[in-house]
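The values are calculated or read from the model by the stated rules, or taken from the named source; none is laboratory data. These numbers were taken from a predicted model, which means no experiment stands behind them. Because the Cβ atoms are built from the backbone with ideal geometry, glycine has one as well, and the counts that use them run over all protein chains shown. Calculation scope for accessible area: heavy atoms of the full protein, side chains included, ligands and nucleic acids excluded. Shrake-Rupley method; radii C 1.70, N 1.55, O 1.52, S 1.80 Å.
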Amino acid sequence: MRSFAIIAISIVLIGSAKAAVPNATDTPSRTGQYPVWDQVPRTDDPQIVEWLKSVDLSQAPNIPLSKDGTCPKSFDPNICWWTCNGCTRPDDVVVCRKAKTWGLTYDDGPTRYTKYLLEHLNKKALTATFFIVGSRAAESPLVVAEEARLGHQLAVHTWSHHALTSLTNEQIAAELLWTSKAIFDASGLYPAYFRPPYGDIDDRVRYVAKAVGMTPVIWTSGYDTEDWQIGSNPKYTEKSIITTFTSWIPKILALKTGFITLEHDLSGSSVITATKLLPIAIAKGIKPMSVAKCVNGTPYRKSLLVHTGNSTVPSIASSTSFPSATASVNSTQSSGGPTVIPISTPTANSATRNALASGSSIALVVLAVVSYSLL
């Protein structure tokens, strides 16, 4: 009977899952507010204007903006544009240091499905890296706080999930800083790592990211699960992704380094699939862990910006272990860092990604039953 109750509750949730459009205009936000959710932050916003006074972007490479991250027929390979030719720089994180280690990452959350993934990982005593969209962090700060409490690494996936090579230097900085601020307001932690949406990064994006104290993480070439396409592309199903992942195992075991995958906590289907990939790898002696742990890095910096003269220097905590996170929603000052403007959560709901509504309703019912069976 309880299983039927879970299904009934899920059906009710599905019926009420239509996304609402933010009741906001395209104007600078009032002091102390977040930008409009799911839109590129305005660079004339009072908060970003203040932040950018301490960020030196004067030496950024003069690379033309892309059109929505799309590769042109020809471009200069010296700009090291990962999207177009797979080029990486030494500071890009693309693999784990030790063989048979798995940098476990989930993008685009938090969503309503994230809590089920957190429950599963917690039961298996596993931690991962969650690349968080700033708009989603502002929308669901308690989920972000729970991710931190459980020891997962929180990382930045930009405010609006736009292709970064298509944005100005100031817009890129705004995307990263606002997301860092939203994550801090929820968890008390400032992330030191970010993942560019679609892996869209060139040397100009790298320069801006470094100027605000962030290290890029992509994923190991050839290890994109494509799980976000379940429900929208018939080529990709839970079964096909499991089959593909299983076929990777011999290659993974032969690697001299570890590897980093691309997965998502975007939909019920992607979360269910994620829980089924883990035992396949673990059975072969592969160890899933956060990116920071697999590269022996420090996941967080001490403050949003540290001012040293006219330059901005990232302040990275000396410990390589995860800090003990305590939820501090709408905190007004970082520990040991500069005073920041308090942020109030907008009253309007964010427009939920179309992908959440497309092909995920049935998965929500299934996910609820699966989650119940794991209890």
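Odds and ends about this structure:
- Top-ranked residue in the range 144-161 [being of a type in the set (Val, Ile, Thr) and farther than 15 Å from GLY188 by Cβ; ranked as surrounded by the most Cβ atoms within 10 Å (Cβ to Cβ)]: VAL156
- Any hit, the range 75-91, residues being assigned to a loop (DSSP other than H, G, I, E, B), over 24 Å from the mean Cα position of the chain (by Cα), under 29 Å from THR220 (Cβ atoms) and at pLDDT below 95: yes
- Subset of the range 90-123 that is among the β-branched types (Val, Ile, Thr) and under 28 Å from PRO250 (Cα atoms) - its residue that is surrounded by the most Cβ atoms within 10 Å (Cβ to Cβ): THR105
- Restricting attention to the range 198-228, the residues being over 23 Å from ASN296 (Cα atoms), surrounded by 20 or more Cβ atoms within 10 Å (Cβ to Cβ) and free of Cβ contacts under 8 Å to residues at least 60 places away in the same chain number 3.
- Looking across the range 124-143 at every residue that is farther than 18 Å from HIS264 by Cα and outside any helix (DSSP H, G or I), the one that is least open to solvent (accessible area, probe 1.4 Å) is identified as ALA125.
- Matching residues, the range 92-109, being among the β-branched types (Val, Ile, Thr), within 23 Å of GLY213 (Cβ to Cβ) and part of a strand (DSSP E or B): VAL93, THR105
- For the criterion of being acidic (Asp, Glu) and surrounded by fewer than 24 Cβ atoms within 10 Å (Cβ to Cβ), GLU238 passes.
- The range 273-291: number of residues that are more than 18 Å from the chain's Cα centre (by Cα) and open to solvent by 10 Å² or more (accessible area, probe 1.4 Å): 9
- Scanning the range 57-86 for residues that are open to solvent by less than 60 Å² (accessible area, probe 1.4 Å) and touching a residue at least 40 places away in the same chain (Cβ under 8 Å) gives LEU57, ALA60, PRO61, ILE63, SER66, GLY69, ILE79, CYS80, TRP81, TRP82, THR83, GLY86.
- Pairs, first over 15 Å from GLN153 (Cα atoms) in the range 174-186, second acidic (Asp, Glu), C-beta under 8 Å, six or more apart: ALA174/ASP45
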